[in-house]
Each structure stands twice: as C-alpha cells, then as structure tokens.
1. Just give me the residues in segment 52-86 being among the β-branched types (Val, Ile, Thr) and either under 13 Å from residue 6 (Cα atoms) or surrounded by 13 or more Cβ atoms within 10 Å (Cβ to Cβ) (or both), in sequence order.
2. Within segment 51-83, track down each residue that is closer than 15 Å to residue 14 by Cβ, outside any helix (DSSP H, G or I) and within 13 Å of the chain's Cα centre (by Cα).
3. Test each condition in (1) on the phi < 0 side of the Ramachandran plot; (2) modelled with pLDDT under 95 for residue 63 and report the one that comes out false.
4. Out of the residues in segment 55-81 that are touching a residue at least 40 places away in the same chain (Cβ under 8 Å) and among the charged types (D, E, K, R), state the one that is nearest to residue 17 (Cα to Cα).
5. Could you list, in sequence order, the residues of segment 15-31 that are buried (at least 16 other Cβ atoms within 10 Å of the Cβ) and either within 11 Å of residue 5 (Cβ to Cβ) or of a type outside the set (Asp, Glu) (or both)?
6. Go through segment 1-14 and count every residue that is part of a loop (DSSP other than H, G, I, E, B) and either among the hydroxyl-bearing types (Ser, Thr, Tyr) or crowded, with 18+ Cβ neighbours inside 10 Å (or both).
Amino acid sequence: MSSWSLYIIRCRDGELYTGVTTDVNRRFAEHQGGGPKAAKYLRGKSPLQLIYQELVGSRSEALKREIQVKKLSRQQKLALLNVSRTTA
C-alpha cells in the first residue's frame, strides 16, 4: 500500500493549489512541465513553487484531508504553512 501526501503549490500570481499524490516530486514535475498530466488550473501560471507537503497515509485519508484544506481560507492555509515551519 502506497503512502499518500497532500501538497500545496504557489503559482506566479500567488494563488494556492492543493492536491494529493503518492509521489509529490513526480507530481510537481508534471505540473511544472505543463503536459497532459498537469492540472489544467496550473497551466500558464508558472513559475510554480512547492510550498507544503504533508504525509497523510491512505488515499481515503488524503482525499478527506484535501477537502479539509481546500475549505480553508487563504489566511488559514498560510497559517498552516507557518505552523509546519515552526514545528519542523
């Protein structure tokens, strides 16, 4: 069973994109490449910056966590980033 991670990417315009994957580095490279596997939302928004990743566990847990994070306001997401930096 693969471990799943949640990640947040900051776009050139400062927008935040949240997703889940089993391989954050591979998925980020796909987004940066802008190819067919990249999220349409991120196309044309380069440069992209991977600013957060969180090991979640199962796919089900990752999808639940993704929904939780996507419901957060921008300020709450930025606070999540700051908390992770101070506890890392």
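1. Within segment 52-86, 56, 67, 69 qualify.
2. 51, 52
3. All conditions pass for residue 63, except number (2).
4. 70
5. Of everything in segment 15-31, those that are buried (at least 16 other Cβ atoms within 10 Å of the Cβ) and either within 11 Å of residue 5 (Cβ to Cβ) or of a type outside the set (Asp, Glu) (or both) turn out to be 16, 17, 18, 19, 20, 21, 24, 27, 28, 31.
6. 2
The values are calculated or read from the model by the stated rules, or taken from the named source; none is laboratory data. Worth saying up front: this structure is predicted, and the values here are computed from it rather than measured. Backbone-built Cβ (ideal geometry, glycine too); neighbour counts: all protein chains shown.
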